[in-house]
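What follows is a single structure, written as structure tokens, with notes after it.
The values are calculated or read from the model by the stated rules, or taken from the named source; none is laboratory data. Here the structure is a predicted model, which means the values were calculated and not measured. Counting neighbours? That spans all protein chains shown, and the Cβs are built from the backbone with ideal geometry, glycine included.
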Amino acid sequence: MVLLIISVIVLLFIAWILFVPFRLYIDTTINQYYFEWLGLIKVNFIPDEVEIFFIKIKVPFYHFDIYPIRKLIVEEIEKEEKKTEKNKLNHEEPGKKKKRRIRRINKKEVRKLKLFSKLGWRVFKSLRLKKFDVDIDTGDVIHNAWLIPVFVQFNGRNVNFRVNYQGVVSIVLIIENSIFRFLVILMKFLYLNRRELKKL
């Protein structure tokens, strides 16, 4: 009985992971930008005046911050210092650059690139567009008037393009997908392209 309960719990947890959606959310009106896998992880991209932006990662019972711009600056400084030291050891001029050999791309790499771009396109098409709102003001009354009939053609169930005359430019984008949908696409891709994959 205990084993049955444990098995059911494990199966429910696996099903939950497979079917629970992960979401990309962008809203420039309130400066909210995040990626969320419901109940598991949330990655917030938070604008900051000093750091430009930083990343706040939340997982169950824990959260931490990452400062990518600061890290890039530190890494760039370290690289420059290493280059300077290397030039001193090799007695090279700081501005002098070594000639780089141009690597030729072979047919195998081209086939690989085509296959993975095909997979990437299928994954992109599997994304569910939940909301896409664009509110724009070009700053020109005539241009705004031209955009109105164009936007009407694009508007649909989850898509809403608007023109305003208040100088507001905003975007709201919500995209969802799930591990299950991704796995289905991956299995189909591997099956349909099995011959090409064997050649790689």
Worksheet item: How many residues does the range 153-163 contain that are out of contact with any helix residue (DSSP H, G or I) (no Cβ under 8 Å at 6 or more places or on another chain) and either surrounded by 10 or more Cβ atoms within 10 Å (Cβ to Cβ) or not in a helix (DSSP H, G or I) (or both)?
Response: 7
Practice prompt. Find all pairs meeting these conditions: Cβ atoms under 9 angstrom apart; at least six residues apart or on different chains; first residue within the range 158-174 and in contact (Cβ under 8 Å) with a residue 40 or more places away in the chain; second residue of a type in the set (Phe, Trp, Tyr).
Written response: 171/132; 172/25; 172/132; 173/25; 173/132; 174/25; 174/132
Worksheet entry | Filter pass, residue 136 being within 30 Å of residue 20 (Cβ to Cβ), within 26 Å of the chain's Cα centre (by Cα) and modelled with pLDDT of 90 or more | no
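Can you tell me how many residues in the range 49-79 are charged (D, E, K, R) and surrounded by 11 or more Cβ atoms within 10 Å (Cβ to Cβ)?
Taking the range 49-79 and keeping what is charged (D, E, K, R), we get 49, 51, 56, 58, 65, 70-71, 75-76, 78-79.
Narrowing further to those that are surrounded by 11 or more Cβ atoms within 10 Å (Cβ to Cβ): 51, 56, 58, 65, 70.
Final tally of qualifying residues: 5.
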Worksheet item: Restricting the range 161-179 to residues that are out of contact with any Phe, Trp or Tyr (no Cβ under 8 Å at 6 or more places or on another chain) and of a type in the set (Gly, Ala, Ser), which is modelled with the lowest pLDDT?
Response: 167
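In the set 114, 108, 198, 99, which member is among the basic types (Lys, Arg) and either assigned to a loop (DSSP other than H, G, I, E, B) or modelled with pLDDT of 90 or more (or both)?
Numbers: 114 fails: either assigned to a loop (DSSP other than H, G, I, E, B) or modelled with pLDDT of 90 or more (or both); 108 fails: either assigned to a loop (DSSP other than H, G, I, E, B) or modelled with pLDDT of 90 or more (or both); 198 fails: either assigned to a loop (DSSP other than H, G, I, E, B) or modelled with pLDDT of 90 or more (or both).
Selected residue: 99, the only one of 114, 108, 198, 99 that is among the basic types (Lys, Arg) and either assigned to a loop (DSSP other than H, G, I, E, B) or modelled with pLDDT of 90 or more (or both).
With the range 1-55 as the region, which strands (runs of 3 or more DSSP E) entirely inside it contain at least 2 residues that are touching a helix residue (DSSP H, G or I) at 6+ places or on another chain (Cβ under 8 Å)?
Numbers: elements: 22-27, 32-37, 41-48.
Result: empty, no element qualifies.
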Discussion item. I want to confirm something. Restricting to the range 185-200 and keeping residues that are of a type in the set (A, V, I, L, M, F, W, C) and in contact (Cβ under 8 Å) with a residue 12 or more places away in the chain, which single residue is surrounded by the fewest Cβ atoms within 10 Å (Cβ to Cβ)?
Written reply: 200
